[in-house]
Amino acid sequence: MNYIKRDMEDIVSNLTKEYSCILITGPRQVGKSTMLEHIDNNRKKVTLDDLQERSLARTDPEMFLKIHKTPILIDEVQYAPELFSYIKIAIDNGAEPGSFWLTGSQSYNLMKLAQESLAGRIAILNLPSLSQHELFANNKLHPFEITLESLELREHNNKSASVDEIFKRIWQGGMPGLASGKYTNRDIFYSSYLQTYISRDVKEDVSVKDETQFVDFIRAVACRVGQELNIHSIAVDVEVSDDTAKRWLGILEKSEIIFYLHPYSNNLLKRVIKTPKVYFFDTGLVSYLTKYSSPEILQNSSINGAILENYIVAEIKKSYMNSGKELYMYYFRDKQQHEIDIILESNGLLHPIEIKKSSNPTLSMTKSFDVLKKAEIKLGQGAIICMKEKLSALDKDTLIIPVWYI
């Protein structure tokens, strides 16, 4: 099994020189502790999956920290929130930069606890599953931007891919256990992943007698990637109430299985749709949940366009998460059916982007871009991300960007 270098490593190393405590959150099995151990394999690691260690951390956190001296890596720290107050005391008493590395799989609760207990004393990073850049590029990560300079860097350093290869990447997903070759049976991996996720991360929050109902719920959401969120439709499919569906969606979002792309609007744009779209961080999980047994079948499926969109939106989001930078990304749709798949807001400009499975895009695909000319923010360079093999342009305002550049 080979370790796959994570783009976040440099940020962690730099923050370790400045902050006494760093918290890495993210879903299970995305490689949080593996990355930290790779950065510093001499640091003592304590996992709170160990019930004896967990008990001590909860009942006597002061003694736990006396026994386990810094610098230390505490894995799955969400099991002992009692530690935060004592870590705060240690920091206030002059703990050295890099004293505490923490990881946890329940980011919402963790971040809330950390922000309440360690406000101003902790650096928090969110690690997603492996990105296309981590798997297939060989250069330093830069957040995805619509500039020729940035795109030319990607052309020279990213690994090119055909349509077949892109859908193989989408189907395989970015979970390190599969990508590294540690596990070879994809179906068993994702089945086990879901069972572990439900039994260890969300069981207390999901009141279902039959756990398969929650898996059915996740599957119903996966069938709607790239669509505007319709809570009632999902609830009907799974035979739960709208309130239950809404609460379960909140759980999926908080545990970083899904995320939302919110609509762009401002005072000068009228009759704008205000419902968010739903996406998964890992398209391999979507492919498994929607029961596509091979990349070839997925490529010719009814969701091929939606899952391609999910893949691109997620990859752009990951490029910012892994850089430790804020992302201002939206979609647009109004009641006159003008729609734009992605809008990136950067440096006072709006960059409209369309996503197409075609390898021969046309200017007619960008006709909705003109709607943004009515916005308060100036319109910048636009683009179509598609299956074209090389970087090109339709005109001075519209670039053609191959999917493998992302």
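Restricting to region 15-32, and then to whatever is aliphatic (A, V, I, L, M), open to solvent by less than 10 Å² (accessible area, probe 1.4 Å) and in contact with a strand residue (DSSP E or B) (Cβ under 8 Å, 6 or more places away or on another chain), can you tell me which residue is farthest from Met175 (Cα to Cα)?
Ile22
State all residues of region 360-406 that are open to solvent by less than 50 Å² (accessible area, probe 1.4 Å), in a loop (DSSP other than H, G, I, E, B) and closer than 20 Å to Ser162 by Cβ; if no residue qualifies, say none.
Pro361, Met387, Leu391, Ile406
Please find, within region 188-216, the residue that is farthest from Lys140 (Cα to Cα) out of those that are open to solvent by 20 Å² or more (accessible area, probe 1.4 Å) and not in a helix (DSSP H, G or I). Before you say what the answer is, go through the steps one by one.
Start the filter on region 188-216 by keeping residues that are open to solvent by 20 Å² or more (accessible area, probe 1.4 Å), which leaves 188, 191-192, 195-196, 199-200, 203-205, 207-213, 215-216.
This time we only want the ones that are not in a helix (DSSP H, G or I), so: 203-205, 207-210.
Details: Lys203: 39, Glu204: 41, Asp205: 39, Ser207: 44, Val208: 45, Lys209: 47, Asp210: 46 Å.
Across region 188-216, the extreme among qualifying residues is Lys209.
With the condition kept exactly as written, say whether any residue in region 162-170 is open to solvent by 40 Å² or more (accessible area, probe 1.4 Å) and within 20 Å of the chain's Cα centre (by Cα).
Yes, region 162-170 has at least one match.
Go through (1) in a helix (DSSP H, G or I); (2) out of contact with any strand residue (DSSP E or B) (no Cβ under 7 Å at 6 or more places or on another chain); (3) open to solvent by less than 40 Å² (accessible area, probe 1.4 Å); (4) of a type in the set (A, V, I, L, M, F, W, C) for Val221 and report which single condition fails.
The single condition Val221 does not satisfy is (2).
Among the numbered conditions (1) open to solvent by 70 Å² or more (accessible area, probe 1.4 Å); (2) touching a helix residue (DSSP H, G or I) at 6+ places or on another chain (Cβ under 7 Å), tell me where Lys356 comes up short.
(1)
Touching a residue at least 60 places away in the same chain (Cβ under 8 Å), in a helix (DSSP H, G or I) and out of contact with any Pro (no Cβ under 9 Å at 6 or more places or on another chain) - does that describe any residue in region 321-337?
no
Within the group Lys291, Lys325, which residue is open to solvent by 10 Å² or more (accessible area, probe 1.4 Å) and at negative phi?
One residue alone meets the criteria, Lys325.
Enumerate the helices (runs of 4 or more DSSP H) found wholly within region 113-187, keeping only those where 1 or more residues are basic (Lys, Arg) and in contact with a Pro (Cβ under 7 Å, 6 or more places away or on another chain).
Filter on region 113-187 gives 163-172.
The values are calculated or read from the model by the stated rules, or taken from the named source; none is laboratory data. Quantities reported herein were computed from a predicted structural model and do not represent experimental measurements. Don't worry about glycine lacking a Cβ; one is built from the backbone with ideal geometry, like all the others, and counts go over all protein chains shown. The protein model used for the area step is the full one, side chains on, heavy atoms only, and it has no ligands, DNA or RNA in it. Shrake-Rupley method; radii C 1.70, N 1.55, O 1.52, S 1.80 Å.
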